[in-house]
1. Students often get this wrong: which residues of the range 735-760 have the backbone nitrogen under 17 Å from the point 7 angstrom along Cα-to-C-beta of SER550?
2. Hey, quick one: spin label on ARG8, modelled 7 Å out along Cα-Cβ, who in the range 350-377 has an amide N within reach, i.e. under 17 Å?
3. If you average 1/r across every pair of different Cα atoms in the range 723-823 and take the reciprocal, what Kirkwood value do you get, in Å?
4. Quick query: amide H of ARG92 versus all other amide H atoms, modeled in the peptide plane; which residues come in under 5 Å with a sequence gap of 5 or more or a different chain?
5. Would you calculate the separation in nanometres between label points at LEU116 and LYS103, each defined as 7 Å from the Cα along the Cα-to-beta-carbon direction?
6. Out of residues 5 or more away from VAL197 or on other chains, whose amide H comes under 5 Å of its own, with H placed 1.01 Å from N in the peptide plane?
7. Could you go through the range 187-198 in sequence order and give the Karplus-derived ³J(HN,Hα) for each residue, using 6.51 cos²θ - 1.76 cosθ + 1.60 with θ = phi - 60°, rounded to whole Hz, and x for Gly and Pro?
8. Where does each of GLU259, GLU562, GLU49 land when they are ordered by accessible area, with a 1.4 Å probe and the largest first?
Amino acid sequence: MLRQVLHRGLRTCFSRLGHFIASHPVFFASAPVLISILLGASFSRYQVEESVEHLLAPQHSLAKIERNLVNSLFPVNRSKHRLYSDLQTPGRYGRVIVTSFQKANMLDQHHTDLILKLHTAVTKIQVPRPGFNYTFAHICILNNDKTCIVDDIVHVLEELKNARATNRTNFAITYPITHLKDGRAVYNGHQLGGVTVHSKDRVKSAEAIQLTYYLQSINSLNDMVAERWESSFCDTVRLFQESNSKVKMYPYTSSSLREDFQKTSRVSERYLVTSLILVVTMAILCCSMQDCVRSKPWLGLLGLVTISLATLTAAGIINLTGGKYNSTFLGVPFVMLGHGLYGTFEMLSSWRKTREDQHVKERTAAVYADSMLSFSLTTAMYLVTFGIGASPFTNIEAARIFCCNSCIAIFFNYLYVLSFYGSSLVFTGYIENNYQHSIFCRKVPKPEVLQEKPAWYRFLLTARFSEDTAEGEEANTYESHLLVCFLKRYYCDWITNTYVKPFVVLFYLIYISFALMGYLQVSEGSDLSNIVATATQTIEYTTAQQKYFSNYSPVIGFYIYESIEYWNTSVQEDVLEYTKGFVRISWFESYLNYLRKLNVSTGLPKKNFTDMLRNSFLKAPQFSHFQEDIIFSKKYNDEVDVVASRMFLVAKTMETNREELYDLLETLRRLSVTSKVKFIVFNPSFVYMDRYASSLGAPLHNSCISALFLLFFSAFLVADSLINVWITVTVVSVEFGVIGFMTLWKVELDCISVLCLIYGINYTIDNCAPLLSTFVLGKDFTRTKWVKNALEVHGVAILQSYLCYIVGLIPLAAVPSNLTCTLFRCLFLIAFVTFFHCFAILPVILTFLPPSKKKRKEKKNPENREEIECVEMVDLDSTRVVDQITTV
């Protein structure tokens with residue numbers, strides 16, 4: 001009873017609101033436009049987010065804490081000899097992978113000379129500044145002898161060239177660790193790719209070679225020069241490529257990911273314009289009909305204007321509050337399109353149900369009472385789900401900003417639909433009541449006048465006048481609309497046909513089967529190449545790197561951050577045991593073995609051991625580089641202690657398998673908690689992977705919980721709680737299918753797809769809630785009758801919004817970007833699966849599942865009884881009973 005009272009009260013409030021807006025249409029039409037212009041003007045000076053890590057890496061992660069600890073123990077200037085794969089911080093750098101189109105050996109004489117020439121050309125790059133030209137020597141990371149540090153593979157190639165020049169045949173390159181003539185062992189697993197080895201790991205050939213040049217960025221001037229050097233580096237590599245057509249080079253810099261991420265916005269511009277033109281055209285066609293008076297093409301256009309004003313207002317607010325633009329914002333207009341268009345089409349559908357002899361104010365009040373309650377509830381659902389996504393509970397900044405922008409845009413879209421679009425409906429209502437042309441606003445002449453006009457004139461001004469409409473036929477004046485006619489005369493009878501239902505049920509079982517198959521194969525996607533444009537340096541470089549350099553994982557730093565008893569043989573064995581199974585590429589491991597053997601044979605005490613450890617760095621040339629891997633502290637009694645130490649590890653794994661690398665990280669983390677020695681492991685890529693799955697799923701998880709909570713709460717506002725039960729089941733079915741099919745379509749669960757899934761919850765409720773509400777609240781008659789009625793009442797609005805939404809998505813599929821490709825596939829699946837449920841699954845299932853209309857009728861009217869009257873028809877010529885007629 002309380003629910004019915006609340007329901008009627010809300011309808012009355014919206015009716016009065018509609019009447020008030022219809023009384024002041026000019027104000028409510030102009031105010032949203034002025035607000036949008038004032039707030040949206042600030043968006044002309046928008047700022048672009050430069051940091052990809054800030055957007056896509058989890059904000060609160062253990063990896064960032066570990067990075068800070070590593071930086072405090074081993075600053076970058078103490079890591080001059082440790083340039084393995086950017087061990088601590090990405091910084092500024094330039095990389096190039098050199099390979100051949102014919103899979104030639106890059107270690108032969110020709111290619112060796114070619115790569116060394118490229119190295120020389122790179123070191124001679126100049127960055128002009130006022131009064132000085134910077135070269136690589138001015139901005140490179142310096143060695144102890146004040147010379148630039150370069151990849152050890154360059155020294156290997158130089159020694160290989162010298163060996164060939166002197167006809168030395170005893171020089172051999174081993175993989176993944178080789179030795180130079182100065183006795184140093186260097187790791188080349190990330191510098192040699194596509195390696196074929198002889199016995200004892202001797203390299204026979206290599207299909208690719210990677211060179212890396214690290215730059216300093218210690219201040220703003222140095223960082224600016226390094227950024228320009230990176231740009232010149234890419235130009236130099238491209239010019240070198242053009243002059244040597246038999247080799248293929250893939251340049252990459254620290255700025256490539258950021259530039260290619262933002263490139264999506266630039267390459268999407270013309271496709272978005274095409275999408276806008278298609279949506280405008282389809283919206284106008286969906287609102288048009290042959291009757292030139294009752295046709296509403298301007299409302300189709302003004303519906304899109306309403307959405308655009310809300311999006312512009314939200315963009316202005318985000319910009320004024322310090323927000324920065326990024327390429328994920330491309331999805332916001334499509335979120336607005338799905339929600340906003342359905343609300344406007346639903347209002348137009350309600351307008352068609354009003355009586356034409358009523359005043360425009362009364363008709364508007366009836367429209368608001370009929371459509372605004374469901375639109376308000378679905379808008380509240382959007383605000384809650386995206387509001388939770390915009391909260392601090394969301395650990396991915398890109399997802400949080402997207403949800404915040406969407407939440408603001410949806411809120412203003414709701415206000416603008418109430419005001420701007422409602423006023424537009426009032427204006428077009430007056431045009432209709434005055435029998436003016438819906439496009440040209442010209443008075444339509446009577447039929448007898450039109451008979452004297454040409455055929456084309458009669459076609460353009462075809463209208464049905466009220467005096468030509470017989471009593472009882474007024475409700476059919478809008479049946480000349482193509483979609484109304486299609487649903488009422490053909491589709492509703494076909495989908496509820498007894499012979500069609502088994503095929504629909506069978507098709508739904510197939511749908512569930514394929515969705516389950518995909519759901520069991522869901523994988524989290526933390527590959528950053530999934531968010532950039534396709535024909536870019538990032539994609540080309542990443543593809544080449546995965547092809548040639550995926551034998552070993554990124555270099556992992558193993559940091560011991562406590563003062564342990566290095567002189568204790570059991571501790572030494574523990575450290576070596578923890579790193580068992582890894583390729584150790586640090587001098588620390590070999591030196592620890594050396595000290596362990598020495599300690600076993602001499603039994604040195606702690607003080608003698610640490611003194612020998614410090615002095616060996618000063619006296620032993622073979623251990624001169626190792627001093628960067630140990631931190632000493634001197635106590636009050638001149639005793640030296642080891643505060644921290646590190647070694648570097650490489651796992652035999654596949655970089656292409658992100659799940660395997662994530663499992664490796666979690667395994668090392670668990671080991672660090674249970675081990676006797678306190679250590680941490682770190683690599684810059686861990687910042688993106690650390691708790692990525694939980695951080696990624698948190699917005700979706702929180703949004704689902706908030707949606708269920710709101711559905712439970714709204715059960716007290718709707719007239720029947722069974723509506724919410726059906727909505728929940730439908731949302732689960734749709735989301736399950738979307739997740740399964742997007743996996744089969746090779747879409748991973750990344751930031752973009754999770755945001756789309758959050759939107760999918762709301763899109764499903766948008767379209768299915770009015771259908772289910774009309775069916776559940778229907779009394780008397782049969783289930784089939786109310787299914788048909790629900791489709792006739794709300795099906796047109798769903799179909800109109802779906803057609804506009806799909807034509808708007810089609811150009812998105814052609815954008816050369818992985819981000820928009822993911823966006824298109826997810827949004828298309830959401831729209832298609834929801835449409836499938838609205839027009840096939842629900843109309844069939846509701847015909848044989850609760851609520852039962854017959855039981856509801858008996859419960860509602862228990863006093864009803866069947867009265868039977870029997871009339872006997874008797875032949876007058878005889879007493880024989882001819883027939884009986886029974887009436888109820």
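1. Taking a point 7 Å out along Cα→Cβ of SER550, the residues of the range 735-760 whose backbone N falls under 17 Å are 746-748.
2. 369-370
3. So the Kirkwood estimate lands at 15.5 Å.
4. Long-range HN contacts for ARG92: LEU215.
5. 2.8 nm
6. For VAL197, whose amide H was placed from the backbone, the distant partners under 5 Å are LYS204.
7. 8, 10, x, 9, 10, 10, x, x, 7, 10, 10, 8
8. Details: GLU259 85, GLU562 45, GLU49 25 Å².
Largest accessible area first, the list is GLU259, GLU562, GLU49.
The values are calculated or read from the model by the stated rules, or taken from the named source; none is laboratory data. If you're wondering where the values come from, they're calculated on a predicted model, not measured in any experiment. Because the Cβ atoms are built from the backbone with ideal geometry, glycine has one as well, and the counts that use them run over all protein chains shown. Note: areas computed on protein heavy atoms with side chains; ligands, DNA, RNA excluded. Shrake-Rupley method; radii C 1.70, N 1.55, O 1.52, S 1.80 Å.
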